[in-house]
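The values are calculated or read from the model by the stated rules, or taken from the named source; none is laboratory data. Keep in mind it's a predicted model, so treat the numbers as computed, not measured. So basically every Cβ, Gly included, is an ideal-geometry build from the backbone, and we count neighbours across all protein chains shown. All accessible areas refer to the heavy atoms of the entire protein, side chains included, with ligands and DNA or RNA removed. Shrake-Rupley method; radii C 1.70, N 1.55, O 1.52, S 1.80 Å.
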Amino acid sequence: MKITDLDLRQAGTVERIEKRCFSAPWTMQNILDTLQNGHSIFLAAVLSDGQVSESADGTGLVGYISADTVCQTAYINNVAVDIPFRRTGVGKALISALEQRAREVGCTEITLEVRSKNLSAKALYQKCGYKKCGERKNYYRNPADNAEIMTKKL
């Protein structure tokens, strides 16, 4: 597996993974806007050539991460790993690559919001060194949930 910049041609696969992973998935327009806004980092986890057929749609893309960079802070928008590839190190590799890229563009911290009931995502972020620093009550819908705000200094 390798981590690369997300290519515009991969947007359809991102949209399909969004729909499989989230109750309120990003639209194709959200994905395209983020890819083209000039201040985002959008990375893809892609299987190596011999493994491409193992991905759900044969493209090899099995996960992605996006963040907006503003005033030395990277704000993670989405992290998603297609269901068959969870707990295989893809999420951790994406987060690590994002942190490196954020450092390269001058960011000194990363922040994110995660559903308070998403224990597996919170465990991954904690394992990567993120700490809870706040909460937004009733932030999410479908289903209703609070958002935990987590940050990490780079």
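Quick notes
- Each residue in the stretch 120-137 was checked for being at pLDDT 95 or above and surrounded by fewer than 15 Cβ atoms within 10 Å (Cβ to Cβ), and 11 of them qualify.
- Among the residues of the stretch 65-99, those identified as touching a residue at least 40 places away in the same chain (Cβ under 8 Å), open to solvent by less than 10 Å² (accessible area, probe 1.4 Å) and in a strand (DSSP E or B) are SER66, ALA67, ALA80.
- PHE22 meets all of the listed conditions (1) of a type in the set (A, V, I, L, M, F, W, C); (2) modelled with pLDDT of 95 or more; (3) under 14 Å from the mean Cα position of the chain (by Cα); (4) open to solvent by 30 Å² or more (accessible area, probe 1.4 Å) but one, namely (2).
- Those residues of the stretch 94-118 which are out of contact with any helix residue (DSSP H, G or I) (no Cβ under 9 Å at 6 or more places or on another chain) and among the basic types (Lys, Arg), in sequence order: ARG101, ARG103, LYS117
- Contacts under 6 angstrom Cβ, first residue in the stretch 113-127 being under 12 Å from TYR140 (Cα atoms), partner of a type outside the set (Asp, Glu) and part of a strand (DSSP E or B), 6 or more apart: GLU113/ALA147; GLU113/ILE149; ARG115/TYR140; SER116/ASN146
- If you filter the stretch 25-54 down to residues that are more than 25 Å from GLU99 (Cα to Cα) and modelled with pLDDT under 90, you find that the one that is most open to solvent (accessible area, probe 1.4 Å) is ASP49.
- Flag if ASN30 is under 26 Å from PRO143 (Cα atoms), touching a helix residue (DSSP H, G or I) at 6+ places or on another chain (Cβ under 7 Å) and among the polar types (S, T, N, Q): no
- Scan of the stretch 138-152 for residues that are open to solvent by less than 100 Å² (accessible area, probe 1.4 Å) and polar (S, T, N, Q), ordered by number: ASN146, THR151
- Checked against (1) open to solvent by 40 Å² or more (accessible area, probe 1.4 Å); (2) out of contact with any Lys or Arg (no Cβ under 6 Å at 6 or more places or on another chain); (3) over 17 Å from GLY91 (Cβ atoms); (4) of a type in the set (Ser, Thr, Tyr), SER116 passes all but condition (1).
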